[in-house]
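Notes to accompany the following structure.
The values are calculated or read from the model by the stated rules, or taken from the named source; none is laboratory data. This structure is a prediction, so every number in the text was calculated from the model and none was measured. So basically every Cβ, Gly included, is an ideal-geometry build from the backbone, and we count neighbours across all protein chains shown. For the accessible areas, the whole protein counts, side chains as well, though only heavy atoms, and no ligand, DNA or RNA atoms are used. Shrake-Rupley method; radii C 1.70, N 1.55, O 1.52, S 1.80 Å.
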Amino acid sequence: MTALPNGAGLTDGFGRRIDYLRVSVTDRCDLRCTYCLPKGFKGFEEPAHWLTLDEMARLIGLFVGLGVAKVRLTGGEPLLRRNLADLARKITALPGLADLSLSTNATRLVQHAHELKAAGVGRLNVSLDTLDADCFARITGRDCLAQVLDGLLAAKQAGFAPIKLNAVVQAGVNEADIARLMEYSLTHGFVLRLIETMPIGDTGRQAAYVDVTALGERMAREYRLIPQLLGQGAGPARYWVSPDGGMSFGVITPMSRHFCAACNRVRLGVDGTLYLCLGQNDSVPLGALLRAGASDGELLAAIRAAIAVKPERHHFNETPDKIVRFMSQTGG
Ligand code: SAM
């Protein structure tokens, strides 16, 4: 894999350096969040079109060879994929990789936290929209808030840092629970981030959208937090911190204030489809090329060609009906 000597990393047609890959290791989930994947879990058998973990590791290795330094495992619910820690170990062994992280709903973290930490997963994002058990069951379709909170404590005990809590805010659903989530995050040293619903799939379009900037500013005032200035490549969230640095809180505003100009990422679906933008349909079937016998050189060329035509930005506001695929397919 002699990728970098031929050209310095991956830069798209708008001069953006692409150094972050998110990988959907399954398109299934054991929750049925109303704005995401209401049909949820479909069993443990792994369909033939899913890449094997070895095939995924090969593609991820090619991206890392092209200068991708950060990889996130996501889905669907990644902890439903068997032998995930094996994949994590393969990824962390890649020369050039700086950061392996995981997005999870935490329902299975009690069983997997220590193993994943030992396998080299560093940072953890956990979805948690509410601390009210009934509200949790209404949003996710499952009455398992206690299991999720146990999972979070197991992750803390295993030494993950930071642990970020991602709360998708919906009007009239969990808006009133944000203060409780703030308190809980403060108590445990978690970083709460409020997220705007995106019109992805029918379900995402029907969600009760809230512009979270104003809500974030109100929370920051209440907790006497100050805006944190972050440099280039810091990711899409805007943060506030306490003056002593002990508390951090953020908002992610893909709708009200998009961050596409600083986009540094692409996504790999469970079948190896490379998605160039969460909010556009442009994709390249890397998995199909791999299974057709493509060499590393041919796959590297396909990746470079794809990055060159990465779309400038999403059009969620202009054409909210455009993205029919589920978030779990693209890798949320
Ligand atoms: N199962 C994992 C989890 O719960 O984090 C990873 C996949 S999940 C699709 C990743 C994130 O996408 C979650 O934080 C979820 O809340 C968010 N998400 C899903 N659908 C969304 C939508 N329509 N708008 C905004 N965020 C969404």
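List of remarks:
- Here ILE163 does not qualify as within 20 Å of the chain's Cα centre (by Cα), farther than 30 Å from ALA93 by Cα and in contact (Cβ under 8 Å) with a residue 24 or more places away in the chain.
- Tallying residues that are open to solvent by 20 Å² or more (accessible area, probe 1.4 Å), out of contact with any Gly (no Cβ under 9 Å at 6 or more places or on another chain), part of a loop (DSSP other than H, G, I, E, B) and within 16 Å of the ligand (Cβ to nearest atom) within the stretch 208-227 yields 1.
- Positions within the stretch 161-178 being more than 10 Å from the ligand (Cβ to nearest atom) and open to solvent by 10 Å² or more (accessible area, probe 1.4 Å), in sequence order: ALA161, PRO162, ALA171, GLY172, VAL173, GLU175, ALA176, ASP177
- Tallying residues that are in contact (Cβ under 8 Å) with a residue 40 or more places away in the chain, in contact with a helix residue (DSSP H, G or I) (Cβ under 8 Å, 6 or more places away or on another chain) and open to solvent by 10 Å² or more (accessible area, probe 1.4 Å) within the stretch 130-141 yields 2.
- Screening VAL64, VAL68, VAL23 for residues that are among the β-branched types (Val, Ile, Thr), surrounded by 18 or more Cβ atoms within 10 Å (Cβ to Cβ), assigned to a loop (DSSP other than H, G, I, E, B) and at pLDDT 95 or above leaves exactly one candidate, VAL68.
- Among the candidates ARG267, ARG325, ARG304, residue that is within 13 Å of the ligand (Cβ to nearest atom), outside any loop (DSSP other than H, G, I, E, B), basic (Lys, Arg) and at negative phi: ARG267
- Pairing each residue of the stretch 72-90 that is under 17 Å from VAL126 (Cβ atoms) and of a type in the set (S, T, N, Q) with any residue that is within 11 Å of the ligand (Cβ to nearest atom) and part of a helix (DSSP H, G or I), provided the two are 6+ apart or on different chains, yields C-beta distances under 9 Å for THR74/SER328.
- From the list PHE14, PHE41, the lone residue that is at pLDDT 95 or above and within 27 Å of ILE200 (Cα to Cα) is PHE14.
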